[in-house]
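Reading through the structure tokens given below for one structure.
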Amino acid sequence: MTRIRDLSITRKLMWMNMLVSGAALLLATGAFLGYARVVYRQSMVRYLTMRARVVGANCISAVLFDDPKGAGDTISALRADEHIVGAWIYTPQGEPFAGYWRDGGGSAPRMPTLPKGKTETYWFVNDQLVLIRAIAFQGKSTAFVYFQSDLNELREHQARYLEIGALVLLASLLTAFLVSRVVGRFVARPMRALFDTARAVSRDQDFSIRAATTDSKDEIGVLMRAFNEMLAKIQERDDTVRKSSASLAEKVQELARSNADLEQFAYIASHDLQEPLRTVASFAQLLQRRYKGKLDSNADEFIHYMVDGASRMQGLINDLLAFSRVGSRGKEFAPTDFAIIVGLALSNLHTAIAESRAEVTHDPLPTVNCDGAQLTQVFQNLVGNGLKFHNSQAPRVHIGATKKDSEWVFSVKDNGIGIDPQFNQRIFEVFQRLHTRKEYPGSGIGLSITKKIVERHGGRIWVESQPGQGANFLFTLPA
């Protein structure tokens, strides 16, 4: 069965709509059935109480004059009520005086005792209602009336209510399905079209492709028009670069501008996606808090996937923003003591180091001209990977620094699970992972950001590793 998180947006909207509608209707139907049951049982008690008063009033003379036949004739009139299975008159001493069972057999039941100070009591037992009431004459209890009634009419009412509820539920789910299909045309299809266009541009490197736009003024419509405008600018500059006879320096400048535009688009796209995503996440979390444990296990699982998917999407968008800001939000370079940089990185990783019982050491570190905040992030990412991807042994990470010619070579070596050499380049690509999220958490963008920071400083980064032998990440910075 396809997992909910892997379904299309259209199907997710359909499931969410049907789940909410079905859950609300089931809760309403359950509440109605419970209320109807209570009300009907109360009406049965009132009905038997009224009949007991009438029968008691008509049997007083027969009891006073010791006329069981007269009392029997009076109480036999109750046979017309198909739900009363038995009716009896008792003497003040609790002895049967007159009565009958509908099925014609069996003796009179033992008369229950009324609670002190009460003239009537009732209870439900074995799908039946039992009621006993005192017959008073001149302020004294002269006899007692005993009724026993079945609950067949209640069950018939409940069966009809269930049939109606099932029909309404089916109609509601069908309506929710149709509404989801309509909503999908306005929400899911434009997003799918934008996704297909972006994938085609990335695959074919064809900047003449355009996403089909609409006259919608919502976030998706604005995003699609902004995407097409960006593609048009990139195509124009790409054509200019190809046709131009300018030097290698001019082409690099054009490429840099294109990259800057792409970074700006990534920021705009991620930022504009945050608001509708926050709305989806908020309502999914509200649904989880309010109905967790009240529906079936499948519903709880579906809601969990919705919340988990929205949370992961928010994490990916934030990581994409962080990646796009490396070049645009960086600070000016200044001489910085790397001992301070490493100290800040280890301080940020204090909890992870303590929980994994890791040992982190480093060589004497130099002062280098750099963006201190970004280099702190570099060491935090590399040391953090050494803490995360460890085997059964406690993690050990060592930071080294060696000057070679006109550059510094820094290394971050760990004793973890290692990396197959065939993946040495892939791990630095955006959102590329070698393990599942269940095995090791994370989005797979940390090394991409690290590579981008190092290259912004005019350096390069690579890894030396073998599976099961730990990993040694090395990067250079101009001295």
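The values are calculated or read from the model by the stated rules, or taken from the named source; none is laboratory data. Note that the structure is predicted; figures quoted are calculated from it, not measured. Every residue, glycine among them, receives a Cβ derived from its backbone with ideal geometry; neighbour counts consider all protein chains shown.
What to note about this one:
- In the range 365-394, residue farthest from ILE461 (Cα to Cα) [restricted to those that are free of Cβ contacts under 8 Å to residues at least 40 places away in the same chain and surrounded by 16 or more Cβ atoms within 10 Å (Cβ to Cβ)]: HIS390
- Residue identified as assigned to a helix (DSSP H, G or I) and among the small types (Gly, Ala, Ser) among ALA98, ALA62: ALA62
- VAL409 being touching a His at 6+ places or on another chain (Cβ under 9 Å) and not charged (D, E, K, R): no
- From the list ALA345, ALA354, the lone residue that is surrounded by fewer than 19 Cβ atoms within 10 Å (Cβ to Cβ) and not aromatic (Phe, Trp, Tyr) is ALA354.
- Failed condition for VAL409, given (1) in a strand (DSSP E or B); (2) within 39 Å of the chain's Cα centre (by Cα): (2)
- Taking the range 366-411 as the range and being of a type in the set (Asp, Glu) and either at pLDDT below 90 or not assigned by TED's automatic domain parsing to the domain that holds THR351 (or both) as the test, only ASP405 passes.
- GLN466 loosely packed, with under 14 Cβ neighbours inside 10 Å, modelled with pLDDT under 80 and farther than 18 Å from GLY384 by Cα: no
- Boolean, LYS233 is at pLDDT 70 or above and either in contact with a Lys or Arg (Cβ under 7 Å, 6 or more places away or on another chain) or exposed (fewer than 13 other Cβ atoms within 10 Å of the Cβ) (or both): no
- Filtered by the rule that a residue be modelled with pLDDT under 80, under 16 Å from SER448 (Cβ atoms) and either among the small types (Gly, Ala, Ser) or in contact with a helix residue (DSSP H, G or I) (Cβ under 9 Å, 6 or more places away or on another chain) (or both), the range 412-437 gives GLU429, VAL430, PHE431, GLN432, ARG433, LEU434.
- Residues within the range 388-406 that are under 18 Å from PRO366 (Cα atoms) and either outside any strand (DSSP E or B) or of a type outside the set (Ser, Thr, Tyr) (or both), tallied: 8
- For the range 266-299, a residue qualifies if it is in a helix (DSSP H, G or I), modelled with pLDDT of 70 or more and touching a helix residue (DSSP H, G or I) at 6+ places or on another chain (Cβ under 8 Å), and the qualifying residues are PRO276, ARG278, VAL280, ALA281, ALA284, GLN285, LEU287, GLN288, TYR291, ALA299.
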